[in-house]
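**Q** Just passing along the structure, written as structure tokens.
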Amino acid sequence: MIRTILVPLDGSPTAESILPHAEALLSLARARLVLLRVCRAGERSRKTALDYLAKLAAARFPKADTVVAAGSPAAEILRAAREHSADLIVMTTHARA
């Protein structure tokens, strides 16, 4: 049974393209959603990441939990998955220019 879905986002349209799929999974599983943004260290980056997630959650997922972390994306995704007891991580490839 899927109870918690973690969606890591990097702010790119590529990363956000997973959101309709996460939405479909949420409706099927009736799970809790955790939106994660891993940013660079620094108060300004953290505020930008918090604002980004708050806006996204308000528009699409008002009941979602939002988490901002700083550090290595892979390590922080795994840490968030453990801390929030995520049963499923839903993400796209890293968006590169």
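**Q** Pairs needed: first member in segment 31-49, free of Cβ contacts under 8 Å to residues at least 12 places away in the same chain; second member anywhere, not in a strand (DSSP E or B); C-beta distance under 9 Å; at least 6 residues apart or different chains.
**A** So the pair list comes out as Thr48/Gly11.
**Q** In segment 2-37, how many residues are aliphatic (A, V, I, L, M), surrounded by 18 or more Cβ atoms within 10 Å (Cβ to Cβ) and under 12 Å from the mean Cα position of the chain (by Cα)?
**A** Qualifying residue count for the region: 11.
**Q** Does Arg44 fit the bill of being surrounded by fewer than 11 Cβ atoms within 10 Å (Cβ to Cβ) and out of contact with any Leu (no Cβ under 7 Å at 6 or more places or on another chain)?
**A** In short, yes.
**Q** Quick check on segment 16-29. Is at least one of its residues touching a strand residue (DSSP E or B) at 6+ places or on another chain (Cβ under 9 Å) and polar (S, T, N, Q)?
**A** no
**Q** Condition test on Ile89, is it within 11 Å of the chain's Cα centre (by Cα) and open to solvent by 50 Å² or more (accessible area, probe 1.4 Å)?
**A** On the way: within 11 Å of the chain's Cα centre (by Cα): yes; open to solvent by 50 Å² or more (accessible area, probe 1.4 Å): yes.
Judged against the criteria, Ile89 is a match.
The values are calculated or read from the model by the stated rules, or taken from the named source; none is laboratory data. All figures in this text were calculated on a predicted structure; none of them were measured in a lab. Cβ coordinates were reconstructed from backbone atoms using ideal geometry, including for glycine residues, and neighbour counts include every protein chain displayed. Accessible surface areas use protein heavy atoms only, side chains included; no ligands, DNA or RNA. Shrake-Rupley method; radii C 1.70, N 1.55, O 1.52, S 1.80 Å.
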